[in-house]
Structures are given as C-alpha cells and as structure tokens.
1. Give me the pairs: first residue in segment 369-382 and assigned to a helix (DSSP H, G or I), second residue among the acidic types (Asp, Glu) and buried (at least 20 other Cβ atoms within 10 Å of the Cβ), beta-carbon distance under 7 Å, and six or more apart or on different chains, which are they?
2. Which numbered condition trips up PHE158, out of (1) in a loop (DSSP other than H, G, I, E, B); (2) closer than 27 Å to GLY38 by Cβ?
3. Would you check if LEU33 is touching a residue at least 12 places away in the same chain (Cβ under 8 Å), closer than 30 Å to SER148 by Cβ and either in a loop (DSSP other than H, G, I, E, B) or within 26 Å of the chain's Cα centre (by Cα) (or both)?
4. Does any residue in segment 66-87 that is farther than 17 Å from LEU100 by Cβ come within less than 9 Å, Cβ to Cβ, of a residue that is among the polar types (S, T, N, Q) and modelled with pLDDT of 90 or more six or more places away or on a different chain, and which pairs are these?
5. Within segment 498-523, can you find the residues that are in a loop (DSSP other than H, G, I, E, B) and at pLDDT 90 or above?
6. Look through LYS276, LYS271 and report the one residue that is free of Cβ contacts under 8 Å to residues at least 12 places away in the same chain, over 26 Å from VAL307 (Cα atoms) and touching a strand residue (DSSP E or B) at 6+ places or on another chain (Cβ under 7 Å).
7. Let me confirm something: among ARG150, ARG186, which residue is closer than 30 Å to VAL260 by Cα, out of contact with any helix residue (DSSP H, G or I) (no Cβ under 8 Å at 6 or more places or on another chain) and either at pLDDT below 90 or outside any helix (DSSP H, G or I) (or both)?
8. At pLDDT 85 or above and among the polar types (S, T, N, Q) - does that describe any residue in segment 153-167?
Amino acid sequence: MLQMQVTENGLRDNDIKPRVSEWEVIQEAGVKLKPMYGPGYTGMKNLGNSCYLNAVMQAIFSIPEFQRAYVGNLPRIFDYSPLDPTQDFNTQMAKLGHGLLSGQYSKPPMKSELIEQVMKEEHKPQHNGISPRMFKAFISKGHPEFSSNRQQDAQEFFLHLINLVERNPVGSENPSDVFRFLVEERTQCCQSRKVRYTERVDYIMQLPVAMEAATNKDELIAYELKRREAEAARRPLPELVRAKIPFSACLQAFSEPSNVEDFWSSALQAKSAGVKTSRFASFPEYLVVQIKKFTFGLDWIPKKLDVSIDMPDFLDISHLRARGLQPGEEELPDIAPPIVIPDDPKDHMANHFVESLDIDESSVMQLAEMGFPLEACRKAVYYTGNLGAEVAFNWIIAHMEEPDFAEPLVIPAFGEVASSGAAALGAVGLDNQPPEEMVAIINSMGFQRDLAIQALKATNNNLERALEWIFSHPDPEEESDPALDTMDMENNANANILSETGSEGPRIKDGPGRYELFGFISHMGTSTMSGHYVCHLRKEGRWVIYNDLRVCASERPPKDLGYIYFYHRIPS
C-alpha cells in the first residue's frame, strides 16, 4: 500500500513513498504506541521548524550531568539570574530542564476527559508538554541559521549548544566535559617516512558510510532496475530496498589513513604526499557518534544516503586508543612552512586569485553540509584562495545578506571587481572586517586571530605594516570585541576544535573505551534543510520515542536508521 507523507510544516512530499519509507519506520507509524507520562516523559511543541532542537534537548536532559548542572542548581541559578532572565543562558537551560524533568507538564488525562473523548469519538490522546519558544529565541539569537525559520542540522545545533555551555559556566561542574575527548592525529610524509603527532579536542565521532561494503548489492541492483522501469512506465514504485552496511565496515573506514591535501613536508622543505590517521587520545564519558549520511551526487546536488547500519547496543573502541610515537619512528622537524610576504599585499592576493581557479571541493562539501547554499560555498572557497573550510566559513558569515549570495560563481578578469559588492580577496566584509586571506597569513605565523584583526584594522589592511604593528604591540589589549569573540567560538564549534582555556581542574574525562547505547536521533527527509527529526531514548529498561509533543513507549526502535547516536561508558 502506498500513501502520501506529510512533512512537519504541513506540506506534502512530491514523492509517493512505500510503507517501508524512513518516515513511517522511524516514527513507528502503523503501531499503536502507549503514551508515557510523568517526569522525564514530557513532550516539546514543534514551532514549525524546531524538531531538531526538540530532539537534541531531549537527549541532553536525559544525561545526569546536565540534569544536576541546571535542574539541580535551579534555585541558585534563579537567585543569581540577571534582571532580564530571558537573556541568560543558564536560566533558560534551567527552565527548559525543569519543564522536561519535573512531570508538571506531562500528566495523563482524567477519567472524565477520557469519557468525553469516547463520547465525541475522539481517540487521540490529549497532549500537554512545553513550548521551547523563549529558549529557541535566546539560543538562536544572532546566529544566521538557527535564528531563521529554516530546518537545521541536529549535529550543528548540538555543537552550537556545547559552545554556549562552554561560554556560560554554571557552578564548578561543566556538564559538557562528558562529551569532550582528545584526538591524536598522526601525519606521515610518504617520501621521508617521518611523522608528526598532534592533538585536538573534539565532541563527536564522525563515521563515514562504507557504501562499498553493502551486504545486499545484488538486491540493490535489482531494485534499481525495477524502480527505473516503474518510473518509465509510470507504474507504482517497487518496495524500497536499503543498502545494508555493516557497522564494522564504517568503523574500519574511520580508522583508515586519509590523504592530506597540499601537504608541506618539513623534512623535505617542500610539498609532498602525506597521509593522516586519527586515534582517540582519550575516551569520553559519553560518546556521540554521527553517521555521515549527507553527501553530494555527481551533479553536486546535496543528497542523503538512505542506508541501514547495524549499530551495536554495546560498542568497544579500545583498539582505537592512541599510542603516540612508536619505536623506530622519526619525527618531522618542527619547522614551519616559509611565509612569503610580498612588497604589495595586492600582488600576493592576485597570485592566490589566479592559483585558486581549481576550487577545493572538499571544503565546499564541508560548508554545504552545514546547510549553506552550494553556490555560496563555492564562492566562499574561491574568494578565500582555497585556504580551507574554516576561513571560507568567515567569508560566508560576512556576505550572507548580499543579494547575490547564492548566485553562481562568476570569475572576473584580473583587476576586475566582482559584481554586486561580493568583492574577491581584497574585499572588506560587511562588518568592516579585514580580508580573511590576510588574517590567515598572520595566523599561520603563530599570532592569535583577534590580534591579527586588530593589527590589520590599525594599518588599513596593509600586511607588512600589520606585522610591524604586532611586534611593536606585544601585549594585546585587555578588552576584545565581543562580536569577534562570539564569531571565533562559533567557528571553532563548527570545526569541532573548541579551545581548552579558561577553566579549572581536569577537562578531559578519560576512561575505558567500552560503551552502551542509550539514545539516538533520526532524520527523515532528503537533506538537512528539510524533513523531520525524532529522538529515541532508553529509560527505565525500555525504549521511548520522543516525537515533538508525542512521547510514547517504543515498540520497534529503528536503531539502524539513526543519524546521531549517544553511548554511555560502561564502568570497569
């Protein structure tokens, strides 16, 4: 039987989906689910495009450390809240957590209400729950994406939330510590065979989808032939067949070496081929695993991989523990790449302008996965000289309001100014920011980003004079621009590399690498910019589905179709 699917904003899908579609499987449609009531079983109203927020917050407040930090400290947070509590992050978190965990907004209907429903032949349960309108308004304030009415990526929102938790300490405990872990990156020069070990902070383990390891390839080929025949003859589509991917194959793809683009070998003092492998230098208390389902087709149109992965209830990644420098390995010399400072910065930018005709599509893909228009991502990477996704991200933020922001890239002739104010490398952003290409050059010399911006502003974006200014001002000013600070933290959150400064006590909670699954967030739809999110959590020995206001005991938790998975460490 075929039926039309209805998205959360009330619009019908153009596609007719069979009953095995992810929409029905993930929402457990066709199964009579028993409503759940009481503390921890409170639903959240969908504000039109807030299902990504609802799903993430249900998962967050199922974690004891977040419960203690905000709900456990609710009296103190309220006592010390500012005059306008609507603008205080901890107050809003405490209010939302109390609403979800108190049980005051999740009560079963009275007998009289049930009788009235039967008399009126209304068999649908009466939903209560809470509305996150004030919370969403605050947490998305000033953010170009989350403040909009568009659907968003739950993974990006999770990182945005962690960023705000980091910036707004509550008491002596930082609840985001439970997610933080160290990644050891080993980079090897393929020619000299020498290696370099570095560490970075992360909050999410991103697993690639190993499509080549599908166990039902013959079935997939047969389905594709039938689907094309049905479309050509305008007949009903055959029953959907998903690629079945072993989790072990995805884990193997994660641990395999990857090529390093534009690698500069300090041993050779020249560019060379390089490979990088990543391992866990520490294992977090709670492991968040994202399945990288969103990709691009051959036509560069964003799409989602509709796959089934046998995610384990119990996960052991102990074999991914970092080992550091091994006997017989020789480290790459600690020599930075040469910095070429031209007499005229315009000459340097012109060289980048010519060299960057080949756009780094991997950076384009990273930006597009954040939800930005594809053409805007290509322009951002091009106009910042292929310096990477993080630099291009800054260009996007500075040019989002321009009328031709999402228009196709038009490469001007040398010396020609790009149309509609979207100037190329030498352009100053809408907020009068220095060119990101210049900021990146100064960053590469070891100076902080805010100091680089300050120096460029003080010298009218003259690179050579800015360097002289920095050496004559060795101590940066005490006060910094709050807007710049916010932008820096947002960029770092999206790059998964939040800094470790400004805290006391241990920030890394290391331990065994054995975990048990307790929750997952699933996405329905073809891209992160559309569709719907649902959360499943394991509570009191059984699975529960959180579908906005609807909170029910789960009968068939679709653990193989999830997008973000939450694991808790198993004690030794």
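1. Final answer for the pair search is VAL381/ASP360.
2. (1)
3. Numbers: touching a residue at least 12 places away in the same chain (Cβ under 8 Å): yes; closer than 30 Å to SER148 by Cβ: no; either in a loop (DSSP other than H, G, I, E, B) or within 26 Å of the chain's Cα centre (by Cα) (or both): yes.
Criteria not met by LEU33.
4. Sorted first by the residue in segment 66-87, then by its partner, the pairs are TYR80/ASN90; SER81/ASN90; SER81/THR91; PRO82/THR91; PRO85/THR91; PRO85/GLN92; THR86/GLN92.
5. Of segment 498-523, the ones in a loop (DSSP other than H, G, I, E, B) are 498-513.
Listed by number, the residues that qualify are ASP510, GLY511, PRO512, GLY513.
6. On the way: LYS276 fails: free of Cβ contacts under 8 Å to residues at least 12 places away in the same chain.
Only one candidate passes the filter, namely LYS271.
7. Values: ARG150 fails: closer than 30 Å to VAL260 by Cα.
Result: ARG186 is the single residue among ARG150, ARG186 that is closer than 30 Å to VAL260 by Cα, out of contact with any helix residue (DSSP H, G or I) (no Cβ under 8 Å at 6 or more places or on another chain) and either at pLDDT below 90 or outside any helix (DSSP H, G or I) (or both).
8. Step one: list which residues in segment 153-167 are at pLDDT 85 or above, which gives 153-167.
Among the residues that remain, those that are also among the polar types (S, T, N, Q) are: 155, 163.
Yes, there is a match, as at least one residue in segment 153-167 is at pLDDT 85 or above and among the polar types (S, T, N, Q).
The values are calculated or read from the model by the stated rules, or taken from the named source; none is laboratory data. Since we're looking at a predicted model, the values are computed, not measured. Neighbour counts run over all protein chains shown; Cβ positions are idealised from the backbone, glycine included.
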